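The values are calculated or read from the model by the stated rules, or taken from the named source; none is laboratory data. In this text the structure is predicted, and so the values were computed from the model without any measurement. Don't worry about glycine lacking a Cβ; one is built from the backbone with ideal geometry, like all the others, and counts go over all protein chains shown. These area figures cover heavy atoms from the full protein model, side chains too; ligands, DNA and RNA do not enter into them. Shrake-Rupley method; radii C 1.70, N 1.55, O 1.52, S 1.80 Å.
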Amino acid sequence: MTAAAPPPEALRAPLIVEFPFTRSLGPVQSAFLTGLRDRTVLGVRTEAGGVLVPPVEYDPVTAAELSDLVEVAPTGTVTTWAWNPEPRPGQPLDTPFAWVLVRLDGADTALLHALDAPGPEAVRTGLRVRIRWAAERSGAITDIACFEPYEGTAERGPAPHDGRFDEPVTGIVAPARLDYTYSPGRAQTRYLQALAERRTVGERCPSCTKVYVPPRGACPTCGVATTDRVEVGPKGTVTTFCIVNIKARNAEIEVPYVYAHIALDGAGLALHGRIAGIPYDEVRMGLRVEPVWTEGGRYPDHYRPTGEPDADHDTFKELL
């Protein structure tokens, strides 16, 4: 009796998801960020008389619209904290620091930011702190470089502010980034290894017989393992599609272009891929396509028409 081959070791690789988030600002947020640029911290007064910092546009208790701006002091008190021994790229400081919630003098709520401290023994609830302003400011929360310990009392109490500044900040671009180590699992490891050989391999559910591409290791409908490997394609059928008119950052693909769901022959569900080799306005449901590989590519660069007659709708309607 021949021993079964051991399952492959699951792949692991670093993965970074990063994109800029662009948003416009209403009058309250605009005044707050413009104020930071000018070394002024603004809050907003609620219907009950409390001062919220950072300010919000609607009362969290009554939902009433808020617009009564108030200037608070750049000094305050730590209400709670957590030590960060290993700062990550993009965080406020590149040396160990504390994340702190600081209730600025004149405010009734706390602001989250970094505290520059020599060690966790130097941080405590009730610690007096003040803002350390960034040398260059543009109208963002990073205009506060961090907080630092402060032995004085409140510099001033809350004071009304009209929210008027020269050249107000009306919009911001906030970078979003998530980096982690990703493992696709054994089923998708086998799938990726087959793609490197220019083959597309799915796995069949022994209960409902659906072939999953990419495989998931288990059938989400039947709840059983999918261990029967099945090679599908390489040709397939466009089941549905969308026309992309917004150019992706750092992408070399010219707009407009088409992304489609493609049911590879023998697969039980569609995967997505880019359609090329045909004008975007000629892509249609039922179009027969095949993969195009680039030199050294580990997956199809795009799919192109095969020249075959379109597939009948009844052959792929269950895969929409």
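The Cα atoms of segment 203-320 define a convex hull whose projected area, averaged across directions, is 8.5 nm². With one equal scatterer per alpha carbon and no solvent term, the Debye-computed log10 I(q)/I(0) for segment 25-117 at 0.24 1/Å reads -1.15. Counting only DSSP beta bridges with both residues in the chain, the antiparallel share comes to about 95 percent. One equal scatterer on each Cα of segment 117-170, no solvent, Debye formula: the resulting log10 I(q)/I(0) at q = 0.18, 0.30 Å⁻¹ is -0.86, -1.18. By the rule of a C-alpha distance below 21 Å, with chain neighbours fewer than 8 residues away ignored, the lysines paired with K235 are K210, K317. Taking every alpha-carbon pair in segment 169-212 and binning the separations at 5 Å intervals from zero gives 5, 16, 14, 14, 12, 9, 7, 7, 6, 6, 3, 1 percent. When the chain is modelled as a GNM with alpha-carbon springs shorter than 10 Å, which of A110, A140, A64 fluctuates the most? Most flexible of the set in this elastic network: A64. Heavy-atom accessible surface of the chain, averaged per residue, reaches 58 Å², computed with a 1.4 Å probe.
For segment 102-175, the Cβ-based charge dipole about the Cα centre amounts to some 180 debye (Lys, Arg positive; Asp, Glu negative; other atoms uncharged).
Can I get the semi-axes of segment 74-168's equivalent ellipsoid? Compute them from the C-alpha gyration tensor as square roots of 5 times the eigenvalues, in angstrom, largest first. Show your work: numbers first, answer last.
Numbers: eigenvalues 110, 66, 21 Å².
Semi-axes from the Cα gyration tensor: 23, 18, 10 Å.
A straight line joining the Cα centroids of segment 128-150 and segment 207-273 runs 48 Å.
The radius of gyration of the Cα set in segment 132-220, together with its Dmax, comes out at 27.8, 73 angstrom.
Relative contact order of segment 135-273, please, whole-number percent, based on alpha carbon pairs below 8 angstrom and at least 6 residues apart.
That works out to 16 percent.
Helix 27-37 axis versus longest C-alpha principal axis of the chain: approximately 70°, rounded to the nearest ten.
Placing +1 on each Lys and Arg Cβ and -1 on each Asp and Glu Cβ, with no other charges, gives segment 1-118 a dipole about its Cα centre of roughly 300 debye.
Using a Gaussian network model on the chain with a 10 Å cutoff between Cα atoms, which of G49, G76, G236 fluctuates the most? Ranking G49, G76, G236 by mean-square fluctuation puts G49 first. Please state the relative contact order of segment 259-320 as a whole percent: Cα pairs under 8 Å, 6+ residues apart? Rounded, it is 31 percent for segment 259-320.
Which FRET efficiency, nearest 0.05, do D301 and A135 yield, Cβ-Cβ r, R0 45 Å? Numbers along the way, then the final one.
Numbers: r = 46 Å, r/R0 = 1.02.
The computed FRET efficiency comes out at 0.45.
Taking the empirical scaling 2.2 N^0.38 Å for compact globular proteins as reference, the chain has a Cα radius of gyration ratio of 1.44. Among C146, C222, C205, the largest mean-square fluctuation in a Gaussian network model of the chain, built with springs joining Cα atoms closer than 10 Å, belongs to C222.
For segment 95-103, 3J(HN,Hα) computed residue by residue from phi via the Karplus equation (6.51, -1.76, 1.60; θ = phi - 60°) reads 10, x, 8, 10, 7, 9, 9, 10, 8 Hz, glycine and proline entered as x. A simple charge model with +1 on the Cβ of Lys and Arg, -1 on the Cβ of Asp and Glu and nothing else charged puts the dipole of the chain at about 900 debye relative to its Cα centre. Among the protein heavy atoms of segment 48-159, carbon and sulfur supply 52% of the accessible surface, probe 1.4 Å, non-protein parts ignored.
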